[in-house]
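Student: Structure provided below as structure tokens; questions to follow.
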Amino acid sequence: MAHDEIIDRYSALARAVDAGRPVAHCGREAFEQGGFGAAGHDDTAALPGGAVRAGLGCGNPVAVAELRAGETVLDLGSGGGIDVLLSARRVGPHGAVYGLDASPDLVEPAQRDAEQAGASNVRFLHGTIEAIPLPGHAVDVVISNCVINLSDDKAAVLAEAFRVLRPGGRFGVSDVVTARALDEQARQRAERRVGCAAGSLTVREYRDLLAAAGFIRLAVTLTADHGDGAHSAIIQAVKPAIGPGLEIRPMRDSDAAQVLAIYQAGLDTGQASFETSAPSWEAFTASRLPQLRYVAADAGSGEVLGWVAATAVSARPVYAGVVEHSIYVHPGCQAHSIGRALLTAFVAAAEDAGVWTIQSGVFGENAASLRLHQALGFRVVGTRERLGRHHGVWRDVMLIERRSAVIGT
């Protein structure tokens, strides 16, 4: 279904709600069998009737996101506003909730319902979920209820969700997914039953897009089964945490000069590697895995302050879950816990990717690196004595590794 068709469809539903007509017939039993509607929520008694009648979700993202008092929440595709109003209750008067929808026929009545409900901490926005009209680092939580599957550019939606979240922020949505790629006949059957499966991602595709956007701690939990491999699901993820004014995001080609400059500064200390000069960007990218490379950057200027990346230890299938990593922090920023935040995010992302062992080699004299890694679960497994000459001196290398407690156990 095209973008304009989707807006027209939900605008028509909104006009039906305004006219007092029901737009979904879905009680608790029907919802549990895969129908959509406000029956996915259990605390709607005090909400305006219009918001409840316009509830067309496939779950309860408010409960999924575990909202806390004082948080700022964004609901993508807020529709009649039921999840916005429930979120407003959870975050309380010191929190705030934005509802974003592409249909003005939904935004205007939703704002009226919020005012009727006395929800002064609510604001509805007109715009698309592919280009969220909020600045970066504006919200603590992003929720959504059976909307992302409707977008024809889901990568843009997830990138935008990542952008507007503060570091450590949470992504908790209900959506429709498929356990496998559907053929056209199966897709049409699923859409006839649930009405919004036409653009559903597979579980693997959803996880891959979340990881590409920069999210970690990915979880996709299937709930209602709609048949033909289509399911309602709870999707959860986290934006990596780091100190104020900073963010951790995937490394980009545009970061090349800064990444290599930090690499060279680390090599110049004489304690980072046997290498003495940073490689070209082409050589760097060719030797590193594309999906496990991150930078810590200033959120305002975009200046890169540190990076972490991984290399496959072998092309043999038996080593598919084993990687070797490198982590470098700008010499002037090593007292700001950037290395710890980067390595914490990297470990989580590696486990999301199915990595069970992360390993590296560290000069014994590099005490700061050893302390950092040991604090995050790495252990020294041995020492390779006099492994090589560095500036004319024979150096020992300590082998460190971290075995996952959740992958490959």
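Residues checked against (1) among the aliphatic types (A, V, I, L, M); (2) touching a Lys or Arg at 6+ places or on another chain (Cβ under 8 Å); (3) in the same structural domain as residue 368 (by TED's automatic domain parsing); (4) surrounded by 15 or more Cβ atoms within 10 Å (Cβ to Cβ):
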| residue | (1), (2), (3), (4) |
| --- | --- |
| 299 | yes, no, yes, yes |
| 311 | no, yes, yes, no |
| 315 | yes, no, yes, no |
| 327 | yes, no, yes, yes |
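Student: Report, by residue number, each residue of the stretch 326-340 that is within 22 Å of residue 238 (Cα to Cα) and without any contact (Cβ under 8 Å) to a residue 60 or more places away in the chain.
Tutor: 327, 339, 340
Student: Any idea which of (1) in contact with a strand residue (DSSP E or B) (Cβ under 7 Å, 6 or more places away or on another chain); (2) not in a strand (DSSP E or B) is the one residue 204 doesn't satisfy?
Tutor: (1)
Student: Of the conditions (1) modelled with pLDDT under 95; (2) among the polar types (S, T, N, Q); (3) over 18 Å from residue 179 (Cα atoms), residue 232 satisfies every one except a single condition; which number is it?
Tutor: (3)
Student: Considering only residues that are crowded, with 20+ Cβ neighbours inside 10 Å and polar (S, T, N, Q), look in the stretch 171-186 and name the one that is nearest to the chain's Cα centre (by Cα).
Tutor: 174
Student: Out of everything in the stretch 358-404 that is modelled with pLDDT under 95 and in a loop (DSSP other than H, G, I, E, B), what residue ends up being nearest to residue 328 (Cα to Cα)?
Tutor: So the residue we want is 366.
Student: In the stretch 285-295, which residues are out of contact with any His (no Cβ under 9 Å at 6 or more places or on another chain) and surrounded by 18 or more Cβ atoms within 10 Å (Cβ to Cβ)?
Tutor: Within the stretch 285-295, 288, 293, 294, 295 qualify.
Student: Also: Select from the stretch 347-397 the residues that are within 23 Å of residue 295 (Cα to Cα) and acidic (Asp, Glu) and list them in ascending order.
Tutor: 351, 352 - these are the residues of the stretch 347-397 that are within 23 Å of residue 295 (Cα to Cα) and acidic (Asp, Glu).
Student: Give the residue that is surrounded by the most Cβ atoms within 10 Å (Cβ to Cβ), with candidates limited to residues of the stretch 98-120 that are in contact with a strand residue (DSSP E or B) (Cβ under 7 Å, 6 or more places away or on another chain) and at pLDDT below 95.
Tutor: 110
Student: Consider residue 343 carefully, then state whether it is in contact (Cβ under 8 Å) with a residue 12 or more places away in the chain, under 25 Å from the mean Cα position of the chain (by Cα), part of a helix (DSSP H, G or I) and buried (at least 20 other Cβ atoms within 10 Å of the Cβ). Can you show your working first?
Tutor: On the way: in contact (Cβ under 8 Å) with a residue 12 or more places away in the chain: yes; under 25 Å from the mean Cα position of the chain (by Cα): yes; part of a helix (DSSP H, G or I): yes; buried (at least 20 other Cβ atoms within 10 Å of the Cβ): yes.
Yes; evaluated as a whole, the condition is true for this residue.
Student: Another question, if that's okay. Is it true that some residue in the stretch 288-299 is assigned to a loop (DSSP other than H, G, I, E, B), at pLDDT below 95 and closer than 26 Å to residue 60 by Cα?
Tutor: Looking for residues that are assigned to a loop (DSSP other than H, G, I, E, B), at pLDDT below 95 and closer than 26 Å to residue 60 by Cα, one finds none in the stretch 288-299, hence no.
Student: For the stretch 208-259, list the strands (runs of 3 or more DSSP E) that sit wholly inside it and hold at least 2 residues that are under 23 Å from residue 169 (Cβ atoms) and free of Cβ contacts under 8 Å to residues at least 24 places away in the same chain; which are they?
Tutor: Where strands (runs of 3 or more DSSP E) fall fully within the stretch 208-259 and carry at least 2 residues being under 23 Å from residue 169 (Cβ atoms) and free of Cβ contacts under 8 Å to residues at least 24 places away in the same chain, they are 216-227.
Student: Here's something else I'd like to know. Which residues, taken from the stretch 76-94, are out of contact with any Leu (no Cβ under 7 Å at 6 or more places or on another chain), buried (at least 21 other Cβ atoms within 10 Å of the Cβ) and on the phi < 0 side of the Ramachandran plot?
Tutor: Across the stretch 76-94, the qualifying residues are 83, 84, 86, 88.
Student: Among the residues that make up the stretch 150-159, is at least one of them touching a residue at least 60 places away in the same chain (Cβ under 8 Å), acidic (Asp, Glu) and over 24 Å from residue 299 (Cβ atoms)?
Tutor: Yes, the conditions are met somewhere in the stretch 150-159.
The values are calculated or read from the model by the stated rules, or taken from the named source; none is laboratory data. Just so it is clear, the structure is predicted and the values come from calculations on it, not from any experiment. So basically every Cβ, Gly included, is an ideal-geometry build from the backbone, and we count neighbours across all protein chains shown.
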